[in-house]
Amino acid sequence: MQVRKFLPAVALAAVLLPTMGLAQEAEAVPGFDEIGPYIMTTLLFCMAGFLVFFMAAGFAMLEGGLVRSKNVTMQMTKNIALFSIAAIMYWLMGFNLMYPADWTIANWVGPFFSQTVLDPVGIAAADANLGYASIGSDFFFQLVFVAATASIVSGALAERIKLWPFLAFVVLLTGVMYPISGSWQWGGGWLSQAGFSDFAGSTIVHSVGGWAALAGALILGPRLGKYGKDGRVNPIPGSNLALATLGTFILWLGWFGFNGGSQLAMGTVGDISDVSRIFANTNMAAAAGSLAAMILTQVMFGKVDLTMVLNGALAGLVSITAEPLAPTLFGALWIGAVGGVIVVFAVPFLDKLKIDDVVGAIPVHLFAGIWGTIAVVFYNEGASLMTQLTGIAAYGVFTFVGSAVIWYVLKMTVGIRVSEEDEMKGLDMSELGMEAYPEFSKG
Amino acid sequence: MQVRKFLPAVALAAVLLPTMGLAQEAEAVPGFDEIGPYIMTTLLFCMAGFLVFFMAAGFAMLEGGLVRSKNVTMQMTKNIALFSIAAIMYWLMGFNLMYPADWTIANWVGPFFSQTVLDPVGIAAADANLGYASIGSDFFFQLVFVAATASIVSGALAERIKLWPFLAFVVLLTGVMYPISGSWQWGGGWLSQAGFSDFAGSTIVHSVGGWAALAGALILGPRLGKYGKDGRVNPIPGSNLALATLGTFILWLGWFGFNGGSQLAMGTVGDISDVSRIFANTNMAAAAGSLAAMILTQVMFGKVDLTMVLNGALAGLVSITAEPLAPTLFGALWIGAVGGVIVVFAVPFLDKLKIDDVVGAIPVHLFAGIWGTIAVVFYNEGASLMTQLTGIAAYGVFTFVGSAVIWYVLKMTVGIRVSEEDEMKGLDMSELGMEAYPEFSKG
Amino acid sequence: MQVRKFLPAVALAAVLLPTMGLAQEAEAVPGFDEIGPYIMTTLLFCMAGFLVFFMAAGFAMLEGGLVRSKNVTMQMTKNIALFSIAAIMYWLMGFNLMYPADWTIANWVGPFFSQTVLDPVGIAAADANLGYASIGSDFFFQLVFVAATASIVSGALAERIKLWPFLAFVVLLTGVMYPISGSWQWGGGWLSQAGFSDFAGSTIVHSVGGWAALAGALILGPRLGKYGKDGRVNPIPGSNLALATLGTFILWLGWFGFNGGSQLAMGTVGDISDVSRIFANTNMAAAAGSLAAMILTQVMFGKVDLTMVLNGALAGLVSITAEPLAPTLFGALWIGAVGGVIVVFAVPFLDKLKIDDVVGAIPVHLFAGIWGTIAVVFYNEGASLMTQLTGIAAYGVFTFVGSAVIWYVLKMTVGIRVSEEDEMKGLDMSELGMEAYPEFSKG
């Protein structure tokens, strides 16, 4: 429609009469009882999709706030680049690979070389998939999920990894690895058939990102100076906690789309009510994770630690993601609170192992993701602990081994780590020649 | 739904046929004429709810930008903590206390000890409250309002209050005080019965936050060095006006949910049109408040004052909140503009009284809140000035006295103010041991 | 509705019975088949409107991040002020001027002096424009577009233009120039009748902003020190690339509303599916523009340039804006990628001409806007290259000449440029007396 004008009242009749005319031939034009659910679910994917899209900004701000100022330009570059790569790779192969029309491994050969094709413009109701939603909305919603997975990796490996090898990893993660393992469950594959349950991706998205990050952190090694020769852990404070807090709030906002949109339907009383249940539970888990980390750091260290509180909120969110619908609000509270507790113990635990995770991505996304996947059994009667553990293990083995192979090959060929000198100088100047805050002198 | 796949065209018939079958037994499955309003209103609460949720980030950025850099970590901590506490307290007692099924004071005893229970998963249309919305959506929407109230207090008392006593106050404000006084009007209580009118909470949310802040500011006292012995007022500039501006824009965005969602219905032509009226009016009031403050500071001081412009926009928003529906756009303009004018006069007025309000929360939320509540009478024929003043006074007395008692008890027991030395050093290092911008040397 | 309470189950019957009663007199109360499209489209405008509103924050952050820290307070002030002015001018005359009920130039006399009037409160279905949407939603959606145009100008002319003359220009741009030229196409005027095609405003919004910026940049002249006497271009780095990245992500988010809302309908299967197509294409074009700029800067300069990547994403978005619906995803990819390439070549090209565009607004909004308008012909069969070029030229001549006259008159009367001394000192201290980051010492 090119003319964007509102019609004056006098023109009203001309608009209404044909509409009413159509209403009388109800067989020809389907009414809202038939098209309403399709419209609402497509809207859900659009809305939830833009919320999850915005999580890209959230990850960028969180990570940009938690690295030193000499690596902020790089962190921004990685975050916008990884989102862009995810968008293209997921169109090129990921979406069809993840959702083959009929799930058998043989059916994957085609999708490896196929590209996503949207519904035709102005699709007629008779041609649309009225039982679900438009392809465009579904594609957009699934696409923003895969980008979240890649963001997780970016945070953990910050401050020492080279730009292009990192992006090469993102190509394979978003185009191949995530879609293949995702299809096991969300594409109707073997785990789905086995009864595995992961509503919005505690395992499929978050722990997958966490495993990829863990493999990378092990092969890449810690930042210079992080672990002293005497076994001391040297804290490296983030350069901008206001930014990190903003990032956390943006992620929390985006999570309403992440979990709420995963209801995958909004056109019935039951579905929209469930979406709202999910909103309430998601919010509760984040609140509980944040408070749990706050209280625990006060008790353990005598001081509240803001970075733990932020990660506690995120861990609460990851924890509830595997089952944000079934729990009561109290259930969401304690599941999220356990997530917050996990973070407070896991961050020093990783340091003890000399695994350097710059932003705490592994505790938040991997450990709390595992916890959330297990916690499904407490409120979802259809879930079994064994199947949940099977799923966790399957994703863990596949992603960790696959990622390790990729990281190792990259390391042996192009190299993944900047030189010591460049790392000291900061990646912004050494790799990109551009400071994020050129005017603020460093203390 | 665990399998997130779109159905290929060949599977369409299988989806459509049962749907069509159901459509024929219309008595059994209610059609969109019956369920549409419920679906739309539930969606309104979810959407408006996530917008209002994001105001938590807006308050955090606004406050983080207006305090000195040595207190930014603390301000971030307080903001994420107060939201988390509000979420939990409102579930634990606030929501049921505020909306007793049948409003008599006797009916409050139960809610004091009750917790919010959501609709069952996948609720059937026959069991749902089709005349309104799902409990989850309603609860979520109301919850994010109470957090806004607490945020107001956090800004005014910044840079000198201790963390835990502040949070103790938040527990009582969000769990007890706000729900009780809120129920007078929104729970169908005595003020509602008396004809008081406050559409989205100029009084019930904003001035309540303002009164609590005022009581706190009086008992806490001003920051060191703010008021010289010779009566001079020493301006203490905010550390990051980009952040403060971002916060203001986020709050402005969230206000579309705050006021628009308060229509409490979106499933009829009249209701959705009213929501859009509210959007237009809300936007106009903010624009007018901002411009009024800009012009006035230019005229009075010879220079535009950005912090006044930001607060002017917010005051415009608070002013229109009591009645964003009835006014014409011109009405919204002048009501909002008066809000902006109030801020420009009220900020120095408070300084004259040596009431130290770090971010201007009292002018914006209390004074403009009172103004907005009075302004209802200009466009809403059902409102009477006397009843509006009665409501304003009732909320003022209850909240100011209640808050003063709590602040005083906290002061006498655990103490609410950090030591002079800690205040000079900044709360970030003294209370939390973590700087927000550790690398930027201070000029 | 003043009582915000959910009804207990026992009250359900009282709610349902009348509803059911009404359903039986279907002639009296129109059902969802008649009102559903109106409700959905009004909702689309509200949703898309708040997303586009938030672009104001995106522009502010982008610009605030790309100027030097001594001009950040000014950039914040300009951005909130221009949005406020746009909101008021568009109500005062712009909206009716742009959408005269019946498009002939004679019909413009009235709108010059008319103000927008919203639908009455609680409008009945019989009185509403059921073929479209509520006036409030339409007005709000169109209003946020005009503000975007003004934001473009603000970025290009940063760091040397005086506040009030800039705002005077905004008054004329948003109240008169944009609405008049906008009506040629979106008001049903001569370009619309000639078959020009610009879905969401590559030309009507973005290149108009770009032309106004170009005229201003030429008349205002470059910043001191930008172009050396020896012909050297001195790069002036932005002060906060984290902020600039945040701004880019916010703009990207807002663009889903910008393009998606321009479908102007959401209440049929075809329309909502088209909205989702637009989301997918818009996202793809941004991703492609960003990656194209990244790869190209690596190849050309040996280093990725983050500011080019950010502007590449924005150029991709501008490029797809003229036709976000018709292209395939691959079409969106290459159209967006060309946008990113344009930016990388256009930024140094403008420098060669000594046209100083602080944030790259002219490459992004004008050059990519022209490209996007031409690219319509590749996927929209109804578009002709000649008509597209006619439209581009018409908007260019009108806006460039009109803007140049205004800038020139302002220059000759009140002056548009600060003194050299003030420019060196920075506009924050010289014009506003308030630093954005008073505590961060400058390196």
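The values are calculated or read from the model by the stated rules, or taken from the named source; none is laboratory data. The structure displayed is predicted, hence computed values, not measured ones. We place every Cβ from the backbone using ideal geometry, glycine too, and count neighbours over all the protein chains shown. Calculation scope for accessible area: heavy atoms of the full protein, side chains included, ligands and nucleic acids excluded. Shrake-Rupley method; radii C 1.70, N 1.55, O 1.52, S 1.80 Å.
Using θ = phi - 60° and the Karplus curve 6.51 cos²θ - 1.76 cosθ + 1.60, what whole-Hz ³J(HN,Hα) does each residue of region A:96-106 get, with Gly and Pro shown as x?
Computed from phi, the couplings for region A:96-106 are 6, 5, 6, 10, x, 4, 9, 7, 9, 4, 4 Hz.
Given H placed on each backbone N at 1.01 Å, which residues far from A:Arg417 in sequence or on other chains put an amide H within less than 5 Å of it?
A:Lys162
Could you give the distance between the Cα centres of region A:112-178 and region B:48-92, to the whole Å?
That distance is 32 Å.
log10 I(q)/I(0), Debye, Cα-only region A:307-397, no solvent, q = 0.11, 0.16, 0.17, 0.21 Å⁻¹?
Per q value, in the given order, log10 I(q)/I(0) is -0.30, -0.61, -0.69, -0.96.
For region C:173-283, build the convex hull from the C-alpha positions and give me its volume per residue in Å³.
Residue-normalised Cα hull volume stands at 172 Å³.
Evaluate Rg over Rh across the protein assembly as shown, taking Cα atoms for both radii and Kirkwood's formula for Rh.
Checking Rg against Rh, the ratio lands at 0.93.
Would you mind classifying chain C by shape? Square roots of the alpha carbon gyration tensor eigenvalues, ordered a ≥ b ≥ c; an a/c under 1.5 is rounded, otherwise it is prolate if a/b is larger than b/c and oblate if not.
Because a/c hits 1.5 or more and a/b exceeds b/c, chain C counts as prolate.
Taking the Cβ of C:Val364 as the centre, find all other residues whose Cβ is under 13 Å away and add up their charges (Lys, Arg: +1; Asp, Glu: -1).
-2
Most mobile of C:Glu34, C:Glu63, C:Glu159 per a Gaussian network model of chain C (Cα springs, under 10 Å)?
Maximum fluctuation in the GNM of chain C, among the listed residues, is at C:Glu34.
Ballpark to the nearest 100 Å², how much total accessible area do B and A bury together, probe 1.4 Å?
Accessible area lost upon association: around 6900 Å².
Please report the relative contact order for chain B, taking Cα pairs under 8 Å with a sequence separation of at least 6, and give it as a percent rounded to a whole number.
With pairs under 8 Å counted, the relative contact order is 23 percent.
Do any residues of region A:316-353 show a loss of at least 50 square angstrom of accessible area between the isolated chain and the full protein assembly, using a 1.4 Å probe, and if so which?
A:Leu329
So which of A:Lys354/A:Lys411; A:Lys78/C:Lys78; A:Lys442/C:Lys425 end up more than 29 Å apart, counting from Cα to Cα?
A:Lys78/C:Lys78
Dipole of the protein assembly as shown (Lys/Arg Cβ +1, Asp/Glu Cβ -1, origin at the Cα centre): which of B:Ser430, C:Thr41, A:Ile180 lies farthest to the positive side?
The Cα lying farthest towards the positive end belongs to B:Ser430.
May I ask for the Rg/Rh ratio of region A:31-71, computed from Cα atoms with Rh as the Kirkwood radius, given to two decimals?
Here Rg/Rh amounts to 1.42.
Place the peptides C:414-427, C:144-157 in order of packing, highest mean first, counting for every residue the other Cβ atoms within 10 Å and averaging per peptide.
C:144-157, C:414-427
Could you work out how far apart the two model spin labels at C:Val397 and C:Val121 are, taking each label as a point 7 Å from the Cα in the direction of the beta carbon, and quote it in nm?
Those two pseudo-labels are separated by 5.0 nm.
Please work out the average accessible area per residue across the protein assembly as shown, using the 1.4 Å probe convention, and give it in Å².
Per-residue accessible area for the protein assembly as shown comes out at 29 Å².
Given springs between every Cα pair under 10 Å in a Gaussian network model of chain B, which of B:Met266, B:Met61, B:Met412 has the largest fluctuation?
Most flexible of the set in this elastic network: B:Met412.
Take every residue in peptide C:96-103, count the Cβ atoms of other chains within 10 Å of its Cβ, and give the average of those counts.
Mean shielding count: 3.
Using a 1.4 Å probe and ignoring any ligands, DNA or RNA, find the accessible area of C:Arg68 and quote it in Å² to the nearest 10.
Counting only protein heavy atoms, C:Arg68 exposes about 40 Å² to solvent.
I'm checking a number: the convex hull volume of the Cα atoms of region B:386-425, normalised per residue, in Å³. What is it?
70
Given C-alpha coordinates of region A:241-328, what is the ratio Rg to Rh with the Kirkwood estimate of Rh?
1.07
For the protein assembly as shown, with all protein chains present and a 1.4 Å probe, just round the carbon and sulfur fraction of the accessible area to a whole percent.
Of the solvent-accessible surface of the protein assembly as shown, carbon and sulfur hold 67 percent.
Taking 40 Å² as the minimum loss, tell me which residues in region B:176-197 lose that much accessible area going from the chain by itself to the full protein complex (1.4 Å probe).
For region B:176-197, once contacts with the other chains are taken into account, B:Trp186 lose 40 Å² or more.
Accessible area drop of at least 20 Å² (1.4 Å probe, protein heavy atoms): which residues of region B:218-258 qualify, relative to the chain alone?
Those are B:Pro237, B:Ser239, B:Asn240, B:Leu241, B:Ala242, B:Leu243, B:Thr245, B:Leu246, B:Phe249, B:Trp252, B:Leu253, B:Phe256, which lose 20 Å² or more relative to the chain on its own.
Of B:Asp356, B:Asp198, B:Asp271, which has the largest mean-square fluctuation in a 10 Å C-alpha GNM of chain B?
B:Asp271
Hey, what did region B:307-412 get for relative contact order, percent, Cα under 8 Å, at least 6 apart?
Worked out over region B:307-412, it gives 31 percent.
Can you give the angle from 0 to 90° between the axis of helix C:163-172 and the longest principal axis of chain C, with both taken from C-alpha atoms, to the nearest 10?
40
Take the Cα atoms of region C:315-358, build their convex hull, and give its volume per residue in Å³.
63
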